[in-house]
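Below: the structure, in structure tokens.
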Amino acid sequence: MNDGGTFIVGIRFPSIDELTSADVEEYWKSYQDSDTGYTTEVYISSHYDAIKQIQHNLTTRKIRNDHKTLIKGIQTKIDLRYTFPQEMEHLLTHSGFMITSVYGDWKKSALTSQSTQMIYVCKKQRVDSKA
């Protein structure tokens, strides 16, 4: 990136509700497949590793036919590494960026503890070649 170039990055804002959720499977939602008519029930369980700042999520989809008989179960895993605002500022400034704006969403709302996103607008700092 050239000196003075603009860098914009958006990441999830760590949610205290997600980070403190119990490590139990909870019902999330159901939906019906318009092609097969089967109903899919979606369950979520998550565990937050505070030391590594990683939330481990397991999603289970239970696909049932018209008679509510289980046809198939599908599980997917995703691990989310959370970065908190102070850490993000440190990473950006130590990587040669000057933060010019911080927002709580793409509509440029203020970043608050209720935000779901962190949007950083940065400028690439000039690198001094004398080092």
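Please state which one of GLU41, GLU26, GLU18 is more than 25 Å from GLN117 (Cβ to Cβ) and either of a type outside the set (Gly, Ala, Ser) or surrounded by 14 or more Cβ atoms within 10 Å (Cβ to Cβ) (or both).
On the way: GLU26 fails: more than 25 Å from GLN117 (Cβ to Cβ); GLU18 fails: more than 25 Å from GLN117 (Cβ to Cβ).
On inspection, the qualifying residue turns out to be GLU41.
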Worksheet entry | Hey, SER34 surrounded by fewer than 12 Cβ atoms within 10 Å (Cβ to Cβ) and of a type in the set (S, T, N, Q) or not | yes
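Among what's in the stretch 1-50 and is among the aliphatic types (A, V, I, L, M) and at pLDDT 90 or above, pick the residue that is farthest from VAL121 (Cα to Cα).
Step one: filter the stretch 1-50 for residues among the aliphatic types (A, V, I, L, M), giving 1, 8-9, 11, 16, 19, 22, 24, 42, 44, 50.
Applying the additional criterion that residues be at pLDDT 90 or above yields 8-9, 11, 42, 44.
On the way: ILE8: 5, VAL9: 7, ILE11: 12, VAL42: 36, ILE44: 33 Å.
Checking each candidate, the answer is VAL42.
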Practice prompt. For the stretch 74-120, enumerate the residues that are surrounded by 12 or more Cβ atoms within 10 Å (Cβ to Cβ), more than 15 Å from the chain's Cα centre (by Cα) and either assigned by TED's automatic domain parsing to the domain that holds THR40 or in a loop (DSSP other than H, G, I, E, B) (or both).
Written response: GLY96, SER109, LEU111
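With the structure loaded, tell me whether ILE54 is out of contact with any helix residue (DSSP H, G or I) (no Cβ under 8 Å at 6 or more places or on another chain), closer than 14 Å to PRO14 by Cα and either outside the structural domain of SER113 (by TED's automatic domain parsing) or at pLDDT below 95 (or both) or whether it fails that test. Break it down into steps so the answer makes sense when it comes.
Details: out of contact with any helix residue (DSSP H, G or I) (no Cβ under 8 Å at 6 or more places or on another chain): yes; closer than 14 Å to PRO14 by Cα: yes; either outside the structural domain of SER113 (by TED's automatic domain parsing) or at pLDDT below 95 (or both): yes.
Here the answer is yes, as ILE54 does meet what is asked.
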Worksheet item: How many residues are touching a residue at least 60 places away in the same chain (Cβ under 8 Å) and part of a loop (DSSP other than H, G, I, E, B) if we restrict to the stretch 1-59?
Response: 8
Worksheet item: Filtering the stretch 1-15 down to residues that are aliphatic (A, V, I, L, M) and closer than 13 Å to ILE119 by Cα, which residue is farthest from the chain's Cα centre (by Cα)?
Response: ILE8
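For the stretch 44-71, which residues satisfy the criterion of being surrounded by 11 or more Cβ atoms within 10 Å (Cβ to Cβ) and charged (D, E, K, R)?
First, pick out the residues of the stretch 44-71 that are surrounded by 11 or more Cβ atoms within 10 Å (Cβ to Cβ): 44-49, 52-65, 71.
If the condition is that a residue be surrounded by 11 or more Cβ atoms within 10 Å (Cβ to Cβ) and charged (D, E, K, R), then ASP49, LYS52, ARG61, LYS62, ARG64 are the ones that fit.
The values are calculated or read from the model by the stated rules, or taken from the named source; none is laboratory data. Just so we're clear, the structure is a prediction, and the values are computed from it rather than from any experiment. As a convention, Cβ positions derive from the backbone with ideal geometry for all residues, glycine included, and neighbour counts pool all protein chains shown.
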